[in-house]
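The values are calculated or read from the model by the stated rules, or taken from the named source; none is laboratory data. Source: prediction; values computed, not measured. A quick note on method: Cβ atoms are made from the backbone with ideal geometry, for glycine too, and the neighbour counts reach across all protein chains shown. Side chains included, ligands, DNA and RNA excluded: accessible areas come from the protein's heavy atoms. Shrake-Rupley method; radii C 1.70, N 1.55, O 1.52, S 1.80 Å.
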Amino acid sequence: VIIGSGPAGLTAALYTARANLKPLLIEGLEAGGQLMLTTMVENWPGFRDGIMGPDLMAEMRAQAERFGTEVIQGNVTAVDITRRPFTIALQDGRRVSAAALIIATGASARWLDIGSDRKLSGHGVSTCATCDGYFFRGKPIAVVGGGDSALEEATYLTRFASKVTVIHRRDTLRASKIMQDKAFRNEKIDFIWDSEVVQVNDTTKGEVTSLVVRNIKTGLERVLDVDGLFIAIGHTPNTGLVKGQLELDSSGYIRTHDGTKTTVPGVFAAGDVQDHVYRQA
Ligand code: NAP
């Protein structure tokens, strides 16, 4: 049984199906994983002109199914890997047993931890530019973060927004050089350095009006008028199902050895739930 239907889960399905291991893949609530939330993927080898994220995932799934992977929808609520066969419980009451288990549950977007961002989630605050960018046509918005995701989102959002302000907590970006160059060249993108968002202000109707931004070095606060905030500060691995049953590393990722083996024989982990170095499809 494979839990998760992002690139790691579907790759595991492809290989185990072709090895005649009869994989059952449980796709989870966010079928297809993080690439379902993106537009053009330019660095997937083999597609010189790029491929849309959802199209890439549809191809991966079809390829895994072609060799006999059985895909079911379902939200896994618990796994028991203390005895074999392993058991997997689904929210709708179904139970699945497995001789071997591959955890490929990926990672989820991080939030700022200031309260007002979560409160306004879906009402002007978002972690997905491709999902929500369209709502901000002709409006000023801000993006928090300094990695590839932040700059990719900022660049994409300039299609809709009148202006995009990137707020980063340091004065140098973590993003790759090519993404930085693209963002610096874009006239619609501005940067606020060494700063963090400490509050999202809204109207009584719950519409975002501005941000309170604090300079970490000087402590000075300023108000930035925006209609939307996109948070792109990385992800947290989805390990809730196995916490306490598998060893995790100090950052909360599943610890693996010899490739994908976990600390429990017969249980394997693949993709963003165990890889904090590459974090790529
Ligand atoms: P990331 O590389 O971990 O960057 C996260 C950014 O958010 C960092 O700049 C970090 O600041 C900032 N940050 C973290 N916590 C924060 C907080 N609480 N408040 C304010 N800022 C915070 O994450 P990512 O950009 O999502 O990228 C993840 C991986 O995916 C990377 O390996 C990246 O290369 C890859 N990726 C690739 C592409 C592409 O190739 N097209 C596109 C997107 C992502 P600091 O810099 O100060 O730590």
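For the range 36-50, the residues whose amide N sits under 16 Å from a probe point set 7 Å from the Cα of Q63 along the beta carbon direction are 36, 41-50.
Once Rg and the Kirkwood radius are both taken over the C-alpha atoms of the range 121-168, their ratio Rg/Rh works out to 0.91. The lysines whose alpha-carbon is closer than 22 Å to the alpha-carbon of K182, local same-chain residues fewer than 8 away aside, are K139, K163.
Could you tell me whether the range 9-104 comes out rounded, prolate or oblate from its Cα gyration tensor? Rule is a ≥ b ≥ c as square roots of the eigenvalues, rounded for a/c under 1.5, then prolate if a/b exceeds b/c, otherwise oblate. Prolate. For the chain, with the dipole built from +1 on Lys and Arg beta-carbon atoms and -1 on Asp and Glu ones, taken about the Cα centre, which of W44, G93, I192 lies farthest toward the positive end? Farthest towards the positive end: G93.
For the chain, the solvent-accessible area works out to 54 Å² per residue, with a probe of 1.4 Å and every protein chain left in place. Kirkwood radius for the range 81-213, taken over all pairs of different Cα atoms as the inverse mean of 1/r, rounds to 17.2 Å. The share of accessible area on the range 50-147 that comes from carbon and sulfur is 48 percent, using a 1.4 angstrom probe. The 1.4 Å probe gives accessible areas that order M179, M36, largest first, as M36, M179.
As an equivalent ellipsoid, the range 132-193 spans semi-axes of 18, 11, 10 angstrom, where each value is the square root of five times an eigenvalue of the C-alpha gyration tensor, largest first.
Overall, the ratio between the Cα radius of gyration of the chain and 2.2 N^0.38 Å, rounded to two decimals, is 1.10.
Near the amide H of A142, within less than 5 Å, lie the amide hydrogens of T165, G228, L229, F230, all on another chain or at least 5 residues away, with H placed in the peptide plane.
Here the calculated FRET efficiency for R159 and K217, from their Cβ-Cβ distance with R0 = 25 Å, stands at 0.15, rounded to the nearest 0.05. Put a dot 7 Å past the Cα of R174, heading toward its Cβ, do the same for E247, and the two dots end up 2.6 nm apart.
The slack in the chain from E196 to T77, taken as 0.36 nm per residue of separation less the alpha-carbon distance, amounts to 39.3 nm. In the chain, helical runs assigned H by DSSP with n ≥ 4 each contribute -39500 (n - 2.57); averaged across all residues and rounded to the nearest 500, the mean residue ellipticity at 222 nm is -5500 deg cm²/dmol. With a Förster radius of 45 Å applied to the beta-carbon distance between E70 and T39, the computed FRET efficiency rounds to 0.90. Rounded to the nearest 0.05, the FRET efficiency derived from the C-beta distance between Y134 and N20 at R0 = 41 Å is 0.35.
Projecting label points 7 angstrom from Cα along Cα→Cβ for K261 and A100 puts them 1.2 nm apart. For the range 171-228, the Cα-based Rg and Dmax, in that order, read 13.9, 42 Å.
With the simple spin-label model, which puts each label point 7 Å out from Cα in the Cβ direction, the E187 to T236 separation comes to 4.2 nm.
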